[in-house]
Amino acid sequence: MPIYLIRHGQSEFNAAHTDGGPDPMIFDAALTALGRSQAAAARAEAATLGIRHVICSPLTRAIQTAKIIFDDIAPITISAGPVEHLWHSCDMGRSPTSLRADFPDLEFDHLPPIWWHQGPLNPNGVPEEPEALFHARIKAFAAELSETHPRPLAVVGHCNTFRSLAGFDMKNCEIRRYT
């Protein structure tokens, strides 16, 4: 049974960080109005796929996307496995307590208080996840996916995550089958 990858909708960071400019310092960016409409459009396509379970990154833009697409369709499980490669402000997370306040219908108790990468800070004060650690984390997540049921399964995550996992780039709210 298939696994589908879904990139989150446009975030406030995506909208502000264009042409490789400086980090706009938007931490754990939420969806823009366009991102919410992209997710609403993806809901129609996702509804035809028979998805029975959703694994979602704990970053706000991914959770918002997953809820717009899958509320009342399939249960959503939060996992730090598909979280984005941390090197910009938008990729720093929030505590499970803070996430639970915004998304009280989801479970966050299994996450540690700081579930995102911790390490040396870049000049903007953002801890940068070394590339080798990121790829190792995604490889471990891929191994978990191979054992995850029920299926069909969807993973709502991020561009660099899916590039490392599956070898391709994705547009906002694009849905692609993962093999």
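The values are calculated or read from the model by the stated rules, or taken from the named source; none is laboratory data. No experiment lies behind these values; they were computed from the predicted model shown. Cβ placement follows ideal geometry from the backbone for every residue including glycine, while neighbour counts extend to all protein chains displayed. Keep in mind that these areas ignore ligands, DNA and RNA; they rest on the heavy atoms of the full protein, side chains included. Shrake-Rupley method; radii C 1.70, N 1.55, O 1.52, S 1.80 Å.
Over the chain, with a Gaussian network built from C-alpha contacts below 10 Å, which listed residue (Thr60, Thr97, Thr32) shows the highest mean-square fluctuation? Maximum among the listed residues: Thr97.
Accessible surface for Met1 stands near 150 Å², nearest 10, in the context of the full protein assembly shown (1.4 Å probe). The heavy atoms of Ile51 offer some 10 square angstrom of accessible surface to a 1.4 angstrom probe.
Evaluating 6.51 cos²θ - 1.76 cosθ + 1.60 at θ = phi - 60° for every residue in the range 137-142, the Karplus couplings come out as 5, 5, 4, 5, 5, 4 Hz, glycine and proline recorded as x. Computed from backbone phi, the HN-Hα couplings of the range 158-168 come to 9, 4, 5, 4, 6, 5, 6, 6, 10, x, 9 Hz, rounded to whole numbers (Karplus: 6.51 cos²θ - 1.76 cosθ + 1.60, θ = phi - 60°; Gly and Pro given as x).
Over all projection directions, the Cα-based convex hull of the range 1-49 averages an area of 4.5 nm². Once a ≥ b ≥ c are taken as the square roots of the eigenvalues of the Cα gyration tensor of the range 65-147, is the result rounded (a/c under 1.5), prolate (a/b larger than b/c) or oblate (a/b not larger than b/c)? Because a/c hits 1.5 or more and a/b fails to exceed b/c, the range 65-147 counts as oblate.
The residues of the chain have, on average, 46 Å² of accessible surface per residue, using a 1.4 Å probe with all protein chains present.
In the chain, with Lys and Arg counted as +1 and Asp and Glu as -1 at Cβ, which of these residues, Ile6, Ser79, Gln118, has the Cα nearest the positive end of the dipole, that is, farthest along it? Final value for the positive-end residue is Ile6. Around the amide H of Thr77, modelled in the peptide plane, lie the amide H atoms of Val54, Ile55, Cys56, all under 5 Å away and 5 or more residues distant in sequence or on another chain.
Measuring r between the beta carbons of Phe27 and Met1 and using R0 = 45 Å, the FRET efficiency lands at 0.80.
Based on alpha-carbon atoms, the Kirkwood radius and the radius of gyration of the chain give Rg/Rh equal to 0.93. A Cβ-based charge dipole, computed about the Cα centre of the chain with Lys and Arg at +1 and Asp and Glu at -1, lands at about 480 debye. If one computes the Cα centroid of the range 101-179 and of the range 85-99, what distance in Å separates the two points? Cα centroid to Cα centroid, the span is 12 Å. Annotation for Asp102 and Asn122: the two label points, set 7 Å from Cα along the Cα-Cβ direction, are 2.0 nm apart.
Per-residue surface analysis assigns Thr18 an accessible area of about 80 Å², computed on protein heavy atoms at 1.4 Å probe radius. Entry note: the range 47-89 has Rg to Rh equal to 1.02, where both radii use alpha-carbon atoms and Rh is the Kirkwood radius. Nonpolar atom fraction for the range 58-122, defined as the carbon and sulfur part of the 1.4 Å probe accessible area, stands at 59 percent. Electrostatic bookkeeping for Gln38 treats Lys and Arg as +1 and Asp and Glu as -1; over the other residues with beta carbon under 14 Å from its beta carbon, the sum is +3. Database remark: amide H of Tyr178 closer than 5 angstrom to the amide H of Ile3, Tyr4, Leu5 (H placed geometrically; neighbours at sequence offset of 5 or more, or on other chains; Pro and chain starts carry no H).
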